[in-house]
Each structure stands twice: as C-alpha cells, then as structure tokens.
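Here the structure is laid out as structure tokens; the discussion comes afterwards.
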Amino acid sequence: MAFILIYAAFLVYSTPTSATLYMDLLLGGIVSLIAAILVADVLITKHPSKVFDVRRWIWLIAYALHYFTLMELRAHLDVVKRILHPKMPIKPGIVRVPYYVETDHGIVAVANSVTNTPGTVVVDLNTETKRYYIHWINVLSADEQACFDAITRGFERYARKAFG
C-alpha cells in the first residue's frame, strides 16, 4: 500500500519525457519500492485498509481545499491588516489549546496546519494532557475552549475525519 501511494506521488510530481519515459517509470518504481519498505511502518499504522477508504480521501481533499483557500486567505489578510495598521494592533502570547484527535497523524496534521497559518505557531505539545501550546499573534482569550474555537476547531474537524 505504501508503495502505491509513493509511486502515485512520483507519477504526479515527475514529468518524464517521451525519450526517457520507460527508464523514469522503472527507476521511479524501484525507488518507490525501497522507500515503501523503509517507511511503511510509519505511514500505515493501525488500519492499513483505511489507505484506500474513499471517504478518507474525500475528507483529505476537502481539508486541503478548505485550508489552502479559505483559512489561509483569512489568516494572511489578518496579518497584512495588522502590519499595515498604524497602531499595529497585536496582543502576542502563548495559549494552551486542547486537541481531540486520536492518532499521531491527526495530531501532526493539526499542528502543521496551525504552524503554517500566519499568526500562529505551535511551540510545544503535551500528549499527556492533550494540549498544544500555541504562540498567537492576537490573543483574544486565555480560555482553552475559546482558543480551540478560534484556532484549531476547523483543522480538527477535517483531521478527525481523515486520520481519526
């Protein structure tokens, strides 16, 4: 399964020419097989059959579309507004935010999404208390639930469906 995913990624991101098509496909297959052997235990943990679950892929695509269009755009515009504002209205701080995803993949997906969004950075993670520690450009509240609602709720909705 890992081989198929890695080889599919190779095919999507490579641009073999007609002169080297067969060699590129063969070499890509060999490298994908070696990579799959090395990382299969990391990529596919509890339920290998979930890799081919169509609903999971639909949620992953919806997550990417929602994140890269709506959430990223809002965050960028908010940071630009704060930079261009004469008084630069920021209230930076580190807040504690609970998370509810269960898998390592889900935890990392949410943390990466928060970090890649302008204005927020995950600076620490406590798996025992299930909390992210996030540096936020404009702390609206120190209440954990309010921070969850403002920062990670949207990411968690998709990550839970895609990763569990």
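No lab work stands behind these numbers, since they all come straight from the coordinates. Model, not experiment: these values are computed from the prediction. Neighbour counts run over all protein chains shown; Cβ positions are idealised from the backbone, glycine included.
What to note about this one:
- Per-residue Cβ neighbour rank within 10 angstrom, fewest leading, ILE107, ILE83: ILE83, ILE107
- Taking other Cβ atoms within 10 Å as a rough exposure proxy, HIS85, HIS135 sort from fewest to most as HIS85, HIS135.
- Under the span-like rule (Cα at least 27 Å along the axis, Kyte-Doolittle mean at least 1.6), DSSP H helices of the chain: 21-43
- The structure-derived value of Cα Rg over 2.2 N^0.38 Å appears in the list (i) 1.28; (ii) 1.07; (iii) 1.13 under the label (i).
- 19 Å Cα-Cα reach of LYS87 towards aspartates and glutamates, excluding residues that sit fewer than 8 places from it in its own chain: ASP78
- Residue order, fewest to most surrounding Cβ atoms within 10 angstrom, among GLU128, GLU102: GLU128, GLU102
- Sparsely packed loop sites in the range 70-164 (the chymotrypsin sites (Phe, Trp or Tyr not before Pro) outside DSSP H, G, I, E and B with at most 15 other Cβ atoms within 10 Å) comprise TYR100.
- Within straight-line cross-link reach of LYS130, aspartates and glutamates at Cα separation under 16 Å, skipping those fewer than 8 residues along the same chain: GLU102, ASP104, ASP143, GLU144, ASP149, GLU156
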